[in-house]
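S.K.: One structure is given below, represented as structure tokens, and several questions about it will come after.
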Amino acid sequence: MNMQQNPYMNLSGITTEELAVLQQATAGLNDDQKKYFFMIYSGKRKSPQDMLIFSLIGLFLLPGLQRFITGQIGMGILYLFTVGLCFIGSIMDLVNHKTLAYEYNQKMAFESFNLAKMGN
């Protein structure tokens, strides 16, 4: 991977915190593993804008959608049956959509790192 060009900067809505996590995660990988990591991670990653859209849909149409998308199935079911915890949980997720995206992306970075390490 070319070090002058950082491919992570092309990811939509990337923050400095997420960039730091990605650089730390790929520090021990060779160039082929870094390319594989980027390919896996970019396919799984959710941008904060995407999470905002999912949270809006979760607030108005399908309670818990944002939780299902992030793999929190139990919370998604709870939101679904309690109408977003009487809308309070859905509103909180709407306000904290960037945090939801960041936490999900951290998990995906760890998962992508393990796959890249095993793959090559």
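Any read-out appearing in this document is the output of simple, stated calculations on the displayed coordinates, not a laboratory observation. Model, not experiment: these values are computed from the prediction. Here the Cβ is made from the backbone with ideal geometry for all residues, glycine too, and neighbour counts use every protein chain on show.
S.K.: In whole Hz and in residue order, list the ³J(HN,Hα) couplings for segment 44-51 that follow from phi through the Karplus curve 6.51 cos²θ - 1.76 cosθ + 1.60, θ = phi - 60°; x for Gly and Pro.
M.R.: For segment 44-51, the Karplus curve yields 9, 5, 10, 7, x, 5, 4, 5 Hz.
S.K.: Separate question: Note the full-extension length gain between residue 117 and residue 86 as 0.36 nm times their separation in residues minus their Cα-Cα distance, in nm to one decimal.
M.R.: Separation in residues times 0.36 nm, less the Cα-Cα distance, equals 6.8 nm.
S.K.: Right, another one. For residue 78 and residue 12, what does the FRET efficiency come to when R0 = 25 Å and r is the distance between their Cβ atoms, rounded to the nearest 0.05?
M.R.: Calculated transfer efficiency: 0.30.
S.K.: Based solely on its DSSP helices, what 222 nm [θ] is calculated for the chain when runs of n ≥ 4 H residues each add -39,500 (n - 2.57) and the sum is averaged over all residues, nearest 500 deg cm²/dmol?
M.R.: -21500 deg cm²/dmol
S.K.: So for the chain, averaging the separation of alpha carbon pairs under 8 Å that are six or more residues apart and normalising by length, what relative contact order in percent results?
M.R.: 32
S.K.: Amide H neighbours of residue 6 under 5 Å, counting only residues 5+ apart in sequence or on other chains, H built in-plane at 1.01 Å?
M.R.: Amide H neighbours of residue 6, under 5 Å, 5+ apart: none.
S.K.: Please give every one of the lysines within straight-line cross-link reach of residue 98, meaning a C-alpha to C-alpha distance under 21 Å, and leave out same-chain neighbours fewer than 8 residues apart.
M.R.: 44, 46, 107
S.K.: Normalised by the empirical 2.2 N^0.38 Å for globular proteins, what value does the Cα Rg of the chain take?
M.R.: Computed over Cα atoms of the chain, the ratio equals 1.18.
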